[in-house]
Amino acid sequence: MKSLGIYIHWPWCKTICPYCDFNVKKFEEIDTDTWLKAYIKEIKNISLFTNLKEVKSIYFGGGTPSLISAEFIEKVINFISNNFSISSSVEITIEANPSSTKYNNLYNFKLAGVNRISLGVQSFNNRDLKFLGRDHDSYQAKKAIKHINTLFNKANFDIIYGIPDQKISTFKKELNEIFNFAQSLGHLSIYQLTIEPRTPFYKLLKSGKLNLPSEEKLSDMYFMIQEISERYKLPQYEISNHSTFGHESIHNLGYWRYNQYLGIGPGAHSRVSKNSNRMSLIQIKSPKEWLNAVIKDTNGIANKEILSKNEAAMEVLITGLRLKEFLPNDRFNQFSKLKLEEIIEKPLIKGLIEEGLIESKKSKIRTTSKGKAVLNSILYRFDKVINSNY
Amino acid sequence: MNEISHIRNFAIVAHIDHGKSTLADRMIETCGGLNKREMKAQVLDSMDIERERGITIKAQTVRLSFQAKDGRDYILNLIDTPGHVDFSYEVSRSLAACEGSILLVDSSQGVEAQTLANVYQAIDANHDILIVLNKIDLPASEPEKVKQQIEDVIGIDASESVYISAKTGHGVKDVLEELVIKLSPPSMKSDDELEALLVDSWYDAYLGVVILVRVYNGRIEKGMKLRMMAAESDHIVEKVGVFDPKARDVDSLSAGEIGFVIAGIKQVADTSVGDTLTNSLSPISKPLSGFKPSIPVVFCGLFPIDSGDYIQLKDSLEKLKLNDSSFIFEKENSPALGFGFRCGFLGLLHLEIIQERLEREFKLNLITTAPSVIYKAHFIDGKIIELHNPADWPDPTQIDFVEEPWIKATIMVPDEYLGSVLKLCEDRRGSQEDLSYIGNRAVVVYKLPLNEVVFDFYDRLKSISKGYASFDYQLDNYEKGNLVKMQILVNNEGIDALSMIVNKLRAESRGRVICERLKDLIPRQLFKVPIQAAIGGKVIARETLSAMRKDVLAKCYGGDISRKRKLLEKQKKGKKRMRQFGKIEIPQDAFIAALKIGDD
């Protein structure tokens, strides 16, 4: 059975972090009822674009969706379950911030149907937390993890590394603490800090005030994470994601396996099948305009396009090569004229195999751990081969 | 018909910037050839580049009508010659068309290397020499000292030098007066068989090919059939004229006269400077002496930076070729630089001029590969082949020996820079032939291999002498050389655009410099990349580019894969000018920068 994931984007945050370039806005007083109505209406609108009926995962992301009331969440979940069939093993995740994660809130989310929490810890080092502009400290983070642990079977927390002035030696110590907690939850997302345009950090970088670790240091940190994660039995299953067996994120795996998903809320993306093609739907980015469009007009879609075969094929690689598991050639070949079997014979790609960055086995390929560290350059090569036929 | 005793044909011999074109302008003005409004500074230098660089590329001529103090009207024909060594053959042909020369020297600067080279050519052509000292109005002017210099160095009497300021016009009339007195009129034979010299030719958009001729005997007139002896072709004369300085038709050109002829010639390449013209119906038996076809001596590849400009480059080269038969080109394909042309030039300046005209007049962005010279490869089986492209270098096991061209260079330099200049010449495998002094300036004559000179010799010379050294050369002979083809390998693949012919003893240091430079220029790749210089299979220099270790884009969030895909596309656009070599990619910029010669 093909799986379908539903993503609900809640764009509001109490404070905006200086590295964040997601579609977020500073929280303001909003009319929750109107917003609920809009989400429900838009879920219905977007659901018309897929013929899949069984929902495998629901994900409330943001923003800070833990600012929403449990009642709101429950109504959305109920609406989805009334309009789709819900898999018995459905994974329902909500993102939460340590500063807005009280035991009672978590308990209420659980009652509403949520069965997985993703907590934005980012660091256990108060100096780094301050630098990252987070509104919590490590004590709050640890307390939140403790609550989550008692209430939920599946959970994750996020960590950011590669922070300016971060030292390898202190990072190593921190990693042990990080993996201790991760072991208790069964899942960890650990991302390298990237500086994105139009963020306050970007401005700092441009003015020379951001002393980012060197490429060598970042590479050392990355491989240190891999080494320690093996020791803690939380191996990498995706570039930045680690879990104990069976605790992988079903929802995120859906993206990486290029399954169909619906994205509802300002700026959210959907990918659905359209005949033998892939269709992309993008919601209106501005929260106010999105709300208006959904309530007053027909829907909140800003852009709807059928991806070209090559675009879809590239998306298969962009997502699939992030994973530890092999990417079956069929997933790629269904879109691409140039088959994966031929592509790996091209010098630009063959070189990657010779150098141990890519592994190929029968009718599937994957990146090695070394390859994942330079995935961007690897994808660039695939793109060149696919689109320029090198 | 003009009375031959009333004609004076002359050239002006001078170093760059000594005021040749300004003097020519003043003479035109004085003789009333143009009114004030028509006078544009430096009338004779008609091309933008000529005017900007203050050099003459094509020989130009102007007929001046001058009434001398003796009351008689004279015709003074001035041939403005190219001043640069690259065009020395053209200079010699222009001088051959005259009976006398003005030796023009900047009285604040003194004699320079180019002055020497050109004045000796004039003396060799049996010219009467009129010495004119210019810029007499400048505070730094030292005419007495310069006169002494001329007598010491050139060995001609300078006591009757004319002092002028071409800028203000002071003394210009005296120059014209002296020309009439000092210079011999042309002589003629007793018969009237046509005998004329083709001094220059160019393409005019309205008239077609125009040839500039000097008539020695007989006459050229409209309707007659003209024969070009070396080219072995006949043409009907459509038009005969003179420049005064505007083109003006005349009925005929007689012995002693200089003028232009239009004769339905299709392209400049059909004409050769130095050819003898005669009457097809009654041709002379022996051509004028001294003809030689002009041969390119410096070669390089020209490639468009944007490969889409290839056709435009081809069209532009063809257009330039219309007017410059001394420059040649053929198609070349380089894996590093794409499609382009292998071009041959008379010298480095000629190369620069063509390159600049392509960029300026035709709006092309070009890459120029390292200049090369013509080598003569003697094979074991006795065959001799001329080579000017390292790509054509034969298997060394089949070569008996290789010869390379040497030049004789004359360098004049203030004493304080002499040490550095001598060191530069020695470093470039030079052997000293002579060292003398003019005042506090040294005149050194060196024999140098041309391939060391085309590399970056002139730039180095200028920089070590703070611009004070002047330089002139002529091709001397071919000599056996210890020459090898050095290849540059990136990731074990040869980069054709960077391979070069070098002296074996110099190969290692040259190779090291290029490897180091490439290491800095090539962005890090997904794996270690060796950069090597090699002769045959033997590596003589090596650098290693370390591998890229971390390259990530931001995480995919909320299923937004489009953003990532677009980032990749953007990245690809930014890398449009990448050239693929097996499993690595090198930006074209890296090659271009590696080809920029200079600071080794």
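The values are calculated or read from the model by the stated rules, or taken from the named source; none is laboratory data. Note that the coordinates shown come from a computational prediction; the quantities given were computed from them, not determined experimentally. Quick reminder, even Gly has a Cβ in these numbers, built from the backbone with ideal geometry, and neighbours come from all protein chains shown. Side chains included, ligands, DNA and RNA excluded: accessible areas come from the protein's heavy atoms. Shrake-Rupley method; radii C 1.70, N 1.55, O 1.52, S 1.80 Å.
Summary table below
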read-out: Estimated dipole of segment B:193-264 in Debye, rounded to 20 [Cβ of Lys and Arg +1, of Asp and Glu -1, Cα centre]; value: 100 debye
read-out: Loss of accessible area when A meets B, both sides summed, Å² nearest 100, probe 1.4 Å; value: 4100 Å²
read-out: Accessible area of segment A:336-390 belonging to carbon and sulfur atoms, whole % at 1.4 Å probe; value: 48 percent
read-out: Solvent-accessible ranking of B:Trp202, A:Trp256, largest area first, probe 1.4 Å; value: B:Trp202, A:Trp256
read-out: Of all accessible heavy-atom area on chain B, the percent that carbon and sulfur account for (1.4 Å); value: 48 percent
read-out: In range of the label at B:Lys566: residues from segment A:187-206 whose backbone nitrogen is under 18 Å from the point 7 Å along Cα→Cβ; value: A:195-199
read-out: Per-q log10 I(q)/I(0), the protein assembly as shown, q = 0.05, 0.07, 0.10 Å⁻¹ (Debye; single scatterer per alpha-carbon; no solvent); value: -0.51, -0.77, -1.09
read-out: Along chain B, longest interval not containing exposed GluC sites (Glu not before Pro), exposed being DSSP loop plus at most 12 other Cβ atoms within 10 Å; value: B:233-600
read-out: Chain A: relative contact order as a whole-number percent, Cα under 8 Å and 6+ apart; value: 15 percent
read-out: Mean Kyte hydropathy of 0.0 or more with a Cα span along the axis of at least 18 Å, helices from DSSP in chain A; value: A:70-83, A:375-388
read-out: Drop in accessible area of at least 30 Å² in the complex versus isolated chain, residues of segment B:505-530, 1.4 Å probe; value: B:Arg524, B:Leu526, B:Phe527
read-out: Among B:Ser334, B:Ser436, B:Pro139 the positive-end extreme of the charge dipole of chain B (Cβ point charges); value: B:Ser334
read-out: Heavy-atom surface of the protein assembly as shown, accessible at 1.4 Å and reported per residue (Å²); value: 42 Å²
read-out: Positive-end extreme of charge dipole, chain A - chosen from A:Gln166, A:Phe382, A:Asn156 (charges on Cβ); value: A:Phe382
read-out: Beta bridge orientation in chain A: antiparallel %, DSSP, nearest 5; value: 40 percent
read-out: For peptides A:149-158, B:125-134, sequence by mean Cβ density within 10 Å, most packed first; value: B:125-134, A:149-158
read-out: Surface accessible to a 1.4 Å probe, B:Arg460 within the full protein complex, Å²; value: 70 Å²
read-out: Cross-link table A:Lys370/B:Lys564; B:Lys246/B:Lys286; B:Lys20/B:Lys466, entries beyond 27 Å C-alpha to C-alpha; value: B:Lys246/B:Lys286
read-out: Inter-chain shielding of B:566-572 (mean C-beta neighbours from other protein chains, 10 Å cut-off); value: 4
read-out: Farthest positive-ward along segment B:249-295 dipole, Cα basis, beta-carbon charges - from B:Thr278, B:Val261, B:Ser294; value: B:Ser294
read-out: Heavy-atom accessible surface of segment A:131-233: percent carbon and sulfur, 1.4 Å; value: 52 percent
read-out: Drop in accessible area of at least 20 Å² in the complex versus isolated chain, residues of segment B:580-594, 1.4 Å probe; value: B:Gln580, B:Lys583, B:Glu585
read-out: Size of electric dipole in the protein assembly as shown: Cβ of Lys, Arg +1 and of Asp, Glu -1, about Cα centre, debye, nearest 20; value: 7420 debye
read-out: Shielded residues, segment A:175-209 - accessible-area loss of 20 Å² or more between chain alone and all protein chains, probe 1.4 Å; value: A:Tyr191, A:Gln192, A:Thr194, A:Glu196
read-out: Whole-angstrom gap from segment B:300-342 to segment A:175-205, using each part's C-alpha centre; value: 54 Å
read-out: Within 10 Å of each Cβ in A:376-383, the average number of Cβ atoms from other chains; value: 6
read-out: Accessible area, probe 1.4 Å, largest first, for residues B:Leu567, B:Leu351; value: B:Leu567, B:Leu351
read-out: Residue-level accessible surface for A:Ser240, protein heavy atoms, 1.4 Å, Å²; value: 10 Å²
